[in-house]
Structures are given as structure tokens and as C-alpha cells.
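These notes concern the structure reproduced below.
Here, each number is a calculation from the coordinates, and none is a lab measurement. Small disclaimer: the values here were computed from a predicted structure and weren't measured. For neighbour counting, all protein chains shown are included, and Cβ atoms are generated from backbone atoms with ideal geometry for every residue, glycine included.
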Amino acid sequence: DPVVLDSLTGQPVTERDEKAKLTGVLAIAQPWPGMARTCLGDHERYMKTYLKVYDGYYFTGDSVVQDKDGFYWIIGRVDDVVNVSGHRIGTAEVESALVAHAAVAQAAVVGYAHEIKGQAIAAFVMLVEGHDESPDLTKQLKTIVRQEIGGFAAPDLIVVAPTLPMTRSGKIMRRILRKIVNNEVDSLGDTSTLADPSIVDVLIEKVGALRK
């Protein structure tokens, strides 16, 4: 049976929010036919990843919302969820809101450490040809996120980029974006596999300028 757990206590979430939703992480209370039972050659890794995270439950690694009708909505992997002042926000939700704006061609959202809120949201956006970066556009993008999701999900930092750090196959390397906004540029790792490695320095400079 699926269960919505509090990510901090590991206990089932029982109190619904103002929209009658339960929000937490998705776990399974009982085994099921066909479930994985180990990782080949590394059983301890299997135990730590799935069975020891929350005692008595199989942890899926997903953040979830159960709506008032009992349906479960996967909002993203735990690694792709930002906790802003206690609100768990799937980065995909924010990205979807941003690309709904006519000026945005592509968006990538990551979280970074914030002294007051715990985490804040940084959004990297590529613009559609013919649109230019401006304070008004930044304001519009924050507004559309507030309208679609809520004020708590509005990005604190919006970086307009000529392109995003992508592999040659088109996968956005959010790991690199996360390192940049968390001032961990000394541990970016190998960037040679990017379609355009030079974009990393461009983004580091842009983020630094926005924070001055």
C-alpha cells in the first residue's frame, strides 16, 4: 500500500493542507510481486537506499501529493524537490510555469541554500529569439510562477542565459547549475562532455553579477 510520509519524522502524514492535500515522500508499506530485492553485488547499498531510510517502509525516492480524491501525484524525485520555508516544490512544476511565458524557450530550476528560508529557487532561462532580458521580464516570470503555483514558489534568482549546460544529447546538467548557485564552482567536475563547455564560465559570471 502506498503511504505519504513526513520526510523528517518518517511518520505517515495525516493532516491535510488548505486544499485537502497530503504532501510528503512516497513509501510502500507492504512488499509486492516483482519488487527488487537487492542490488547485484551490493546488498547493503540496496538496504540503505530503499529499506533503511524509513523504518518499516520501502522508500521510492519520490516526493508526492495525495489529492482530496485519494489520487497520488508524483511531483519529482526527492533530489529534484526544493524545500522553501517548509513548502516542498517540485522543480518541474516551476519550470512548467516559466516555459508557459511566451518569451521563454527553455528553463531549468534548482535550489540553493538560503539563510532564512532554508532553500531558495534559482531559475535559468533561455529566451525565444526576438525577446530580450529586462527587469520587466524578470518581474513577469516571477508573477507567472506566483499565479500558477503560489508566492512561495517564486524564484529568488532568475538568470537569463544564452544557452544551458547540456550534454551533446540535449540533457540539461542541473548538477552544474546547482553547484554554480551554491558557490561550489571548485567542484564542478568534468565539463568536457557538455555541448558548449564555455557556457559554465558565462553562467558563473552572470550569477555573480546578479548577487552583487
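The table below gives the values:
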{"item": "Order of Lys142, Lys68 - criterion: other Cβ atoms within 10 Å of each residue's Cβ, fewest first", "result": "Lys68, Lys142"}
{"item": "Highest average packing first - 83-90, 173-180, Cβ atoms within 10 Å", "result": "173-180, 83-90"}
{"item": "Cβ-based exposure ranking for Trp32, Trp73, in which fewest neighbours within 10 Å come first", "result": "Trp32, Trp73"}
{"item": "Set of aspartates and glutamates near Lys171 by C-alpha distance (under 16 Å), chain-local residues within fewer than 8 positions excluded", "result": "Asp80, Glu95, Asp190, Asp196"}
{"item": "Rg/Rg_globular for region 128-210, with Rg_globular taken as 2.2 N^0.38 Å and Rg from C-alpha atoms", "result": "1.20"}
{"item": "HN-Hα J in Hz across region 159-172 - Karplus 6.51, -1.76, 1.60, θ = phi - 60°, x for Gly and Pro", "result": "10, 7, 10, x, 7, 10, x, 10, 6, 5, 8, x, 7, 6"}
{"item": "Where the Cα pairs of the chain fall when distances are cut into 5 Å bins, in %", "result": "1, 7, 13, 16, 16, 15, 12, 10, 7, 3, 1, 0"}
{"item": "Relative contact order [Cα under 8 Å, 6+ residues apart], region 82-210, whole percent", "result": "22"}
{"item": "24 Å Cα-Cα reach of Lys139 towards lysines, excluding residues that sit fewer than 8 places from it in its own chain", "result": "Lys117, Lys206, Lys212"}
{"item": "Net dipole in debye of the chain [+1 Lys, Arg Cβ; -1 Asp, Glu Cβ; about Cα centre; nearest 20]", "result": "180"}
{"item": "Neighbourhood charge, 14 Å Cβ-Cβ cut-off, centred on Ile176 and excluding it, Lys, Arg +1 and Asp, Glu -1", "result": "+1"}
{"item": "Cα-based Kirkwood hydrodynamic radius, region 2-70, one decimal, Å", "result": "12.9"}
